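One structure below.
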Amino acid sequence: MRRVGVLIRGKRVGAALAVTTLSVWLAGCTATVDGTAVRPSGAAQPNLSPLEEDDLEDILLSAAELNELLGSEDIEIDDELDDMTDDADDVSDPECVGAIFSAEEPVYSDTGYTAVATRLASEPGDDYDHWVEETVVLLPSADDAEAFLERSAREWDRCAGRTLSLSDGADWFDWELHEVVRDGGIISQMATMADSDGWECQHALGAASTAVIEGFVCSYRIRDQGVELVAEMIGNAEER
């Protein structure tokens, strides 16, 4: 219940679910996912060297970079983790846990992943304007990372248009999942919390070399910050 406890907190709803230049690889038309390969023709993943476990933390954005990206001044790193979590029991449909959360053990269990790095960030206290989770997962090959991206697009799409309930261990809170969108090689999905006056999150996912990169940004003013977060992380990976 690592993220459920963090996401569903704060005084916003009583117990609420809480850019710089983009990579050339991101360029391409935006479209909803239709079951075909996520990366459109002409937007192939660059031929990057395989990433190593020591590269993962350098791919994640710092607090200063997150503040610049999100237009805040007070975002700070809350926690850093090097393991997966399993929130499937806290989601009304466990098959959708990978859409509403990132770095989930049930989602990555068959990928052969070898390392994971996650960074959690927000403004101080419970009354924060942004909540961020950024994750890099190292897979055995670039083909594996690309295959996970495409599989995730299909799995998220099956959950689109549905309402999921998330538990904090005491109560359940409803979230509406919207359509899956692709922008170049990045997929994203918005989720809006019921009865929250518009508190919403954007989950985005991409691939760079042998890594899967996930970003989760929550706020009242979400545009494409989740996509922008993942694009910057991909840019960092391309520089390794």
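The table below gives the values:
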| read-out | value |
| --- | --- |
| Per-region count, region 187-214, residues outside any strand (DSSP E or B) and either of a type outside the set (A, V, I, L, M) or in contact with a helix residue (DSSP H, G or I) (Cβ under 8 Å, 6 or more places away or on another chain) (or both) | 7 |
| Flag if Leu139 is open to solvent by less than 10 Å² (accessible area, probe 1.4 Å), over 15 Å from the mean Cα position of the chain (by Cα), more than 18 Å from Ala194 (Cα to Cα) and not charged (D, E, K, R) | yes |
| Residue in region 139-162 that is in contact with a Leu (Cβ under 9 Å, 6 or more places away or on another chain) and either of a type in the set (Lys, Arg) or within 30 Å of Glu73 (Cβ to Cβ) (or both) present | yes |
| Whichever residue in region 161-177 is more than 15 Å from Ser102 (Cα to Cα) and surrounded by 19 or more Cβ atoms within 10 Å (Cβ to Cβ) and, among such residues, is farthest from the chain's Cα centre (by Cα) | Phe173 |
| Subset tally (residues that are open to solvent by less than 40 Å² (accessible area, probe 1.4 Å), hydrophobic (A, V, I, L, M, F, W, C) and over 16 Å from the mean Cα position of the chain (by Cα)) for region 178-198 | 1 |
| Val217 assigned to a helix (DSSP H, G or I), under 10 Å from the mean Cα position of the chain (by Cα) and crowded, with 24+ Cβ neighbours inside 10 Å | no |
| Scan of region 145-160 for residues that are over 16 Å from the mean Cα position of the chain (by Cα) and open to solvent by 60 Å² or more (accessible area, probe 1.4 Å), ordered by number | Arg158 |
| Filter result for the condition that a residue is outside any helix (DSSP H, G or I), in contact with an Asp or Glu (Cβ under 6 Å, 6 or more places away or on another chain) and closer than 25 Å to Gly235 by Cα, over Thr135, Thr118 | Thr135 |
| Where Asp127 falls short, out of the listed (1) modelled with pLDDT of 95 or more; (2) surrounded by fewer than 20 Cβ atoms within 10 Å (Cβ to Cβ) | (1) |
| Every pair of residues 6+ apart whose Cβ atoms lie under 6 Å, when the first sits in region 43-59 and is under 13 Å from Ser141 (Cα atoms) and at pLDDT 95 or above while the second is open to solvent by less than 80 Å² (accessible area, probe 1.4 Å) and hydroxyl-bearing (Ser, Thr, Tyr) | Leu51/Ser209; Leu51/Thr210 |
| Restricting region 48-65 to residues that are more than 11 Å from Met233 (Cα to Cα) and open to solvent by less than 80 Å² (accessible area, probe 1.4 Å), the residue that is nearest to the chain's Cα centre (by Cα) | Ala63 |
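The values are calculated or read from the model by the stated rules, or taken from the named source; none is laboratory data. Note that this is a predicted model, so its numbers are computed, not measured. Cβ atoms come from the backbone with ideal geometry, glycine included; neighbour counts cover every protein chain shown. These accessible areas exclude ligands, DNA and RNA; they are computed on the full protein's heavy atoms, side chains included. Shrake-Rupley method; radii C 1.70, N 1.55, O 1.52, S 1.80 Å.
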